[in-house]
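Student: Okay, here's the structure, questions in a sec.
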Amino acid sequence: MRTLVFDGRTGAAGDMICAALIAAGADPAVLDPVREALPVRYEIGETEKNGIRATTVDVLVDGGDEADSGSERDGGGDTGHGHTHSHGHTHSHDHGHEDGDDHARARDHDDTSDGDIAADGDVAAEGAGVHRSYPEVVALVESMGLPDAVESTALDAFELLGRAEASVHGTDLDETHFHEVGADDAIADVVGAALLVADLDSERVVTTPVAAGGGTVDMSHGTYPVPAPATTEIATRCGFRIAGGPIDRELLTPTGAAILGAVADGVDAVPDLAVETAGYGAGDADFDRHPNVLRALVGDGGQGDPEDEGDRAGAADGRLVHDDIAVLETNLDDAAPEVLGGLQETLKRAGARDVTVVPTTMKKSRPGHLVKVVCKPADAEAVAERLARETGTLGVRQSGASHRWIAERDFETATLRIDGANREVAVKVASTTDGDLYDVSAEYDDAAAVAEATGLPIREVLRRAEADVWEGLTNE
């Protein structure tokens, strides 16, 4: 399995992620949709960090625009690693929304300018341009004409940022206004990263625990411990872990955390990998003992966390896929049958992957129901809110499950010849990561339609469809 691995031992910021992806082999030409939609350009260069050659990416606007000093420009992550926001610059940084600015943060390390002037007169786009609301950012991304998968990734990252800001400030998602994160440079980082990840065409993306840094960070509302509030909130919604240190600077910015949360599963260490390419994306700051870089590795074979190898019985030749999840539960003793019956549809629209309603006995021996919902960590809050609104429950708990092992799933079409006519039934195929087929399951609705048209029992149509696909795949 072709795997992309992020190794963020000194944090991550939006520009560092883009730089690491380009260094690992992504084609910068795929960034054209961003250049066409925004008044920005990407300046790609090289630098050296503690003896490591690394790639840099700066988002620049036309020299006629004034760069706002508060953006999240990387330093060790967009936050400059150390906040004053930058992974190594020193922008003072008005963190308008708690911590929304990656570029500025990450540039707080040694930079004292308010808008870096490039040789050609362009200025660094940190915080430049309009600062948009969450709906405005969504509309802008949707207007770029991106491939569906890229658009989905970018919107997932902005939703993580938006929900984090809304939670920190006690506002609704649609009322959330991004400051630095809604500026042109941050949008260029998020959408650019989504485009570059897609260009590497990896089947799986993972990240090792990401260094968050330490100490405190100054924002418009006061001085806060690192990781800053929005970064912490994003971390609670994502499938990867963060770690303190290795220095007292802000190393992981909200934008960096949101991008990783949108594209990567968490692993404890770099997985088994036949490395094909490796690249380093640099932050702005320089640290005495730690190279301020994010490493990206691309290769074949990464199947998941090495510490989980023992849990995959019988998976020597093929494995199930690690899938980070959240499990939500609530007990109901007064829900109408119609409400319970509609939860499958309403909760799945909110992001649920699976919904189970189990009859149970509650206090005073009253009959009730246990509702269990599986969803992605990033969707947990939205799904919990929808569950509460649909059922009237006073509380939704999140249980301890953090991941599941799932099959690779695909669909095949069985063509059945019945009474001189061809009838088609979709069949779900389950296999391990190396393609070892172990189950087929015909879609009930398709089988029921064929049964009604032909007079055959539904179970006979199911049997024939599954046999047709099984035979076809095992004889290939």
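Student: If I ask for residues that are more than 12 Å from residue 383 (Cα to Cα), open to solvent by less than 50 Å² (accessible area, probe 1.4 Å) and in a loop (DSSP other than H, G, I, E, B), which ones from the range 334-367 would you list?
Tutor: Once the filter is applied, which keeps residues that are more than 12 Å from residue 383 (Cα to Cα), open to solvent by less than 50 Å² (accessible area, probe 1.4 Å) and in a loop (DSSP other than H, G, I, E, B), the range 334-367 yields 335, 336, 362.
Student: Run down 8, 70, 82 and say which single residue is modelled with pLDDT under 95, over 26 Å from residue 139 (Cα atoms), open to solvent by less than 20 Å² (accessible area, probe 1.4 Å) and touching a His at 6+ places or on another chain (Cβ under 9 Å).
Tutor: Testing whether each residue is modelled with pLDDT under 95, over 26 Å from residue 139 (Cα atoms), open to solvent by less than 20 Å² (accessible area, probe 1.4 Å) and touching a His at 6+ places or on another chain (Cβ under 9 Å) leaves just 82.
Student: Are any residues in the range 413-430 of a type outside the set (Gly, Ala, Ser), open to solvent by less than 70 Å² (accessible area, probe 1.4 Å) and in contact with a helix residue (DSSP H, G or I) (Cβ under 6 Å, 6 or more places away or on another chain), and if so, which ones?
Tutor: Of everything in the range 413-430, those that are of a type outside the set (Gly, Ala, Ser), open to solvent by less than 70 Å² (accessible area, probe 1.4 Å) and in contact with a helix residue (DSSP H, G or I) (Cβ under 6 Å, 6 or more places away or on another chain) turn out to be 416, 418, 425, 427.
Student: I would also like to ask the following. Pairs under 6 Å by beta carbon, first residue in contact (Cβ under 8 Å) with a residue 40 or more places away in the chain in the range 439-465, partner assigned to a helix (DSSP H, G or I) and not hydroxyl-bearing (Ser, Thr, Tyr), six or more apart or different chains?
Tutor: Matching pairs, first to second residue: 461/447; 461/450; 461/451.
Student: Select, from 387, 394, 370, 416, the only residue that is part of a loop (DSSP other than H, G, I, E, B) and either hydrophobic (A, V, I, L, M, F, W, C) or within 30 Å of residue 233 (Cα to Cα) (or both).
Tutor: 394
Student: Of the residues in the range 51-64, how many are closer than 19 Å to residue 6 by Cβ and surrounded by fewer than 20 Cβ atoms within 10 Å (Cβ to Cβ)? Step through it out loud before you land on a result.
Tutor: To start, the set of residues in the range 51-64 that are closer than 19 Å to residue 6 by Cβ comprises 52-57.
Adding the requirement that they be surrounded by fewer than 20 Cβ atoms within 10 Å (Cβ to Cβ) leaves 52-53.
The total comes to 2.
Student: Is the range 434-451 home to any residue that is open to solvent by less than 30 Å² (accessible area, probe 1.4 Å), more than 23 Å from residue 354 (Cα to Cα), at pLDDT 90 or above and in a helix (DSSP H, G or I)?
Tutor: yes
Student: Do you know which residues across the range 454-471 are loosely packed, with under 14 Cβ neighbours inside 10 Å and small (Gly, Ala, Ser)?
Tutor: Scanning the range 454-471 gives a single hit, 455.
Student: Given the conditions (1) touching a residue at least 60 places away in the same chain (Cβ under 8 Å); (2) outside any strand (DSSP E or B); (3) over 21 Å from the mean Cα position of the chain (by Cα), report the number of the one that residue 272 does not fulfil.
Tutor: Of the numbered conditions (1) touching a residue at least 60 places away in the same chain (Cβ under 8 Å); (2) outside any strand (DSSP E or B); (3) over 21 Å from the mean Cα position of the chain (by Cα), the odd one out for residue 272 is (1).
Student: Identify, from the list 216, 223, 231, the residue that is under 26 Å from residue 286 (Cβ atoms) and either open to solvent by less than 30 Å² (accessible area, probe 1.4 Å) or of a type in the set (A, V, I, L, M, F, W, C) (or both).
Tutor: The unique qualifying residue is 231.
Student: Here's something else I'd like to know. Would the range 171-191 turn up any residue that is open to solvent by 10 Å² or more (accessible area, probe 1.4 Å), among the aromatic types (Phe, Trp, Tyr) and either modelled with pLDDT under 90 or on the phi > 0 side of the Ramachandran plot (or both)?
Tutor: Scanning the range 171-191, I find no residue that is open to solvent by 10 Å² or more (accessible area, probe 1.4 Å), among the aromatic types (Phe, Trp, Tyr) and either modelled with pLDDT under 90 or on the phi > 0 side of the Ramachandran plot (or both), so the answer is no.
Student: Scan (1) within 30 Å of residue 268 (Cα to Cα); (2) in a helix (DSSP H, G or I) for the single condition residue 400 breaks and write down its number.
Tutor: (2)
Student: Evaluate the range 137-146: report whether one residue or more is open to solvent by less than 60 Å² (accessible area, probe 1.4 Å), touching an Asp or Glu at 6+ places or on another chain (Cβ under 7 Å) and at pLDDT 55 or above. Break it down stepwise before answering.
Tutor: Here is the first cut: in the range 137-146, the ones open to solvent by less than 60 Å² (accessible area, probe 1.4 Å) are 137-141, 144, 146.
The next check asks that each one be touching an Asp or Glu at 6+ places or on another chain (Cβ under 7 Å); those that pass are 141.
Within this subset, residues satisfying the condition of being at pLDDT 55 or above are 141.
Yes; the residues of the range 137-146 include at least one that is open to solvent by less than 60 Å² (accessible area, probe 1.4 Å), touching an Asp or Glu at 6+ places or on another chain (Cβ under 7 Å) and at pLDDT 55 or above.
Student: Could you go through the range 29-52 and let me know if any residue there is in contact with a strand residue (DSSP E or B) (Cβ under 9 Å, 6 or more places away or on another chain), in a helix (DSSP H, G or I) and among the hydrophobic types (A, V, I, L, M, F, W, C). First the steps, then the outcome.
Tutor: Of the residues in the range 29-52, the ones in contact with a strand residue (DSSP E or B) (Cβ under 9 Å, 6 or more places away or on another chain) are 31, 34-35, 38-50, 52.
In the following step, the residues that additionally are in a helix (DSSP H, G or I) were identified as 31, 34-35.
From the residues that got through so far, the ones that are among the hydrophobic types (A, V, I, L, M, F, W, C) too are 31, 34.
Yes, there is a match, as at least one residue in the range 29-52 is in contact with a strand residue (DSSP E or B) (Cβ under 9 Å, 6 or more places away or on another chain), in a helix (DSSP H, G or I) and among the hydrophobic types (A, V, I, L, M, F, W, C).
Student: If you don't mind, there's one more thing I want to ask. Going by the structure shown, is residue 430 under 24 Å from residue 263 (Cα atoms) and either of a type in the set (Phe, Trp, Tyr) or part of a helix (DSSP H, G or I) (or both)? If you could, list the steps in order and put the result at the bottom.
Tutor: Working: under 24 Å from residue 263 (Cα atoms): yes; either of a type in the set (Phe, Trp, Tyr) or part of a helix (DSSP H, G or I) (or both): no.
It is false that residue 430 is under 24 Å from residue 263 (Cα atoms) and either of a type in the set (Phe, Trp, Tyr) or part of a helix (DSSP H, G or I) (or both).
Student: Go through 20, 26 for me and flag whichever is open to solvent by less than 10 Å² (accessible area, probe 1.4 Å), more than 17 Å from residue 187 (Cβ to Cβ), assigned to a helix (DSSP H, G or I) and touching a residue at least 40 places away in the same chain (Cβ under 8 Å).
Tutor: One residue alone meets the criteria, 20.
The values are calculated or read from the model by the stated rules, or taken from the named source; none is laboratory data. Nothing here was measured: the structure is a model prediction, and the numbers come from that model. Glycine also receives a Cβ, built like all others from the backbone with ideal geometry; neighbour counts cover every protein chain displayed. Protein only, heavy atoms only, side chains kept; ligands, DNA and RNA dropped before computing areas. Shrake-Rupley method; radii C 1.70, N 1.55, O 1.52, S 1.80 Å.
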